[in-house]
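This report refers to the structure that appears directly beneath it.
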Amino acid sequence: MNDELIELPEGWEWTNLGELVLNIQYGYTASATDEPTKIKFLRITDLQENSVDWETVPFCDCSEIDKYKLFPGDIVVARTGATTGKSFLLKQIPGTTIFASYLIRLHTSNLCPPEYLALFMQSPKYWRQITTVSKGTAQPGANASILSKLIIPLPPLNEQKRIVAKIEELTDRSQTAQKALEAIPQLCDRFRKSVLTAAFRGDLTADWREQNPDVEPALKLFVNIMNDRQQKYNKECEELLLEGKKPPKLTKFEVTAINCDVPETWITIFVESACLFIIDCLHSTPKFVDDGEYCIDTTCIEPCKINWNQARKVSYEDFLTRTSRMIPKENDILFSREGTIGTVVKVPNSPKLCLGQRMMMFRFSPYILPEYAEFYLQSPIFKQQYKPLILGSTSPHLNIGDIRRLGFIVPPLAEQIEIVKCVKSVLKIIDNIEKQYQQAKEKLDQLNQSILSKAFRGELVPQDPNDEPASKLLERIKTEREKINNNKPKSQRKTKTPAKQGTIPGMESQFPVS
């Protein structure tokens, strides 16, 4: 990044913001109120996504309305916090409005379009300067002095108007593309849900069943699941006893009438009948440490994925306590039953982990594929069963007893394999679409920034040699500013320190502007 001022087109001038506006002013310190005092009170928090919802802007009492009153064409700038430097051009103001102390108001001149300055304050050239000089340690901040010294390339007035018109034309196209892109995540989500619904109604594998008419009937499936479940349970119990753990009892195997709309070769059983073990987390807050064993809770999981970078750890002693009933192992299924209810993830082969708060674990019988269970537990068919059972408004949760008695749809093992294959194939397509969406969104953002960069290098619209040079405009703005200052009482007049010879006022401080 070059700190030197680049050469501008003929008729342009390097200036700074303090020379381009009539006044730079801090806002009014007051408490907001919902009582309609007829004076709106614009705050940083009212500036969201480059817009203002005037219906939600509060009111205040103010004894200095004339000093802090906002006008169309004013630009307000956030001066502190994470939004430092973000600006908003006030094109329309509904009624009398003043601005709060965490905003800085740029009172623009009627001699040039405020849109030009507002667009510059979205450009990379502006943000490089703000990032460099933003003050503060705990919180970044900007002040009137910083803003007044920001360096701005100023074209002739007529070219400013052409630049604004061209950017607005290109922005309209960009926003049309943006709206089209914004629909993609919702479409992908709906597509994902419809795929999972179709999978567990038997629609995805309808052709497969026709091609495989000899698949085992539901009665044989029932017997196989029940027998394999008992055998696997006995083996698991032996391992638990060797580890010094007392295994829970195996629940009775039952077919349920919940959701009978499945192929005739499928059966629907209770969740507890589909599992060897269902383990709830300890209802205590873990003490997290820097070095230890992973403790998985709702803060580090998303569907089918553990975010290991966000996963926290507990000491080995706490790990033993939190796995006193059972240590999660590969292919167990974790399920969040509180807070972000219904997030499902399969336990990987490594590393070792224990359950954090709000989590529970399923260990399914051998006749149920872990991948099949992982998909089923996040399907709309399963969610529709537990949604009416969610308790609590401030901390929504499901009781483990209710989860045990939900319906679990089981196709023959060979068809489970085919379902998992089909679902994975379609979800991979959806994932690719979402990746392409992210790439397109990033490219669109880069395009918008590229347009602004070209505009303020003089490369977006052609120059007209007949345009009055920007230096003349600056002289008129200076005259207007001095006239306003001279009309003020002497106590309010601003005195100006002369610039060093051969410099632009305010440019003594070096900013990266290329």
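Quick notes
- Taking helices (runs of 4 or more DSSP H) as the structural unit, those lying wholly within segment 73-189 and holding at least 2 residues that are under 30 Å from Glu13 (Cβ atoms) and among the aromatic types (Phe, Trp, Tyr) correspond to 114-120, 124-133.
- Here Lys149 qualifies as charged (D, E, K, R), open to solvent by 10 Å² or more (accessible area, probe 1.4 Å), at pLDDT 90 or above and within 19 Å of Gln25 (Cβ to Cβ).
- Here Tyr102 clears all of (1) open to solvent by 50 Å² or more (accessible area, probe 1.4 Å); (2) without any contact (Cβ under 8 Å) to a residue 60 or more places away in the chain except the condition numbered (2).
- Condition met for Lys472 (in a helix (DSSP H, G or I) and in contact with a helix residue (DSSP H, G or I) (Cβ under 9 Å, 6 or more places away or on another chain)): yes
- Subset of segment 331-374 [among the hydroxyl-bearing types (Ser, Thr, Tyr), without any contact (Cβ under 8 Å) to a residue 40 or more places away in the chain and in contact with a Lys or Arg (Cβ under 9 Å, 6 or more places away or on another chain)]: Ser336
- Each residue in segment 344-385 was checked for being modelled with pLDDT under 95, open to solvent by less than 20 Å² (accessible area, probe 1.4 Å) and of a type in the set (Ser, Thr, Tyr), and 1 pass.
- Only a single criterion out of (1) exposed (fewer than 15 other Cβ atoms within 10 Å of the Cβ); (2) touching a strand residue (DSSP E or B) at 6+ places or on another chain (Cβ under 8 Å); (3) within 26 Å of Cys237 (Cα to Cα) is not satisfied by Val410, namely (1).
- Complete set of residues in segment 250-305 that are free of Cβ contacts under 8 Å to residues at least 24 places away in the same chain and of a type in the set (D, E, K, R): Lys252, Glu254, Asp290, Asp291
- Odd one out for Gln211 among (1) over 30 Å from Pro411 (Cα atoms); (2) open to solvent by 40 Å² or more (accessible area, probe 1.4 Å): (1)
- Among the residues making up segment 47-61, a single one is part of a helix (DSSP H, G or I) and touching a residue at least 12 places away in the same chain (Cβ under 8 Å): Trp54.
- Exactly one residue out of Thr37, Thr97, Thr29 is over 30 Å from the mean Cα position of the chain (by Cα) and buried (at least 19 other Cβ atoms within 10 Å of the Cβ), and it is Thr97.
- Test result for Ser491, modelled with pLDDT under 95, exposed (fewer than 11 other Cβ atoms within 10 Å of the Cβ), more than 22 Å from Leu20 (Cβ to Cβ) and more than 30 Å from the chain's Cα centre (by Cα): yes
- If the condition is being on the phi < 0 side of the Ramachandran plot and either in a loop (DSSP other than H, G, I, E, B) or not small (Gly, Ala, Ser) (or both), then segment 194-209 contributes Val195, Leu196, Thr197, Phe200, Arg201, Asp203, Leu204, Thr205, Asp207, Trp208, Arg209.
The values are calculated or read from the model by the stated rules, or taken from the named source; none is laboratory data. Treat the numbers as computed from the prediction; the structure is a model and nothing was measured. Methodologically, a virtual Cβ is constructed for each residue, glycine included, from the backbone with ideal geometry; neighbour enumeration extends over all protein chains shown. For the accessible areas, the whole protein counts, side chains as well, though only heavy atoms, and no ligand, DNA or RNA atoms are used. Shrake-Rupley method; radii C 1.70, N 1.55, O 1.52, S 1.80 Å.
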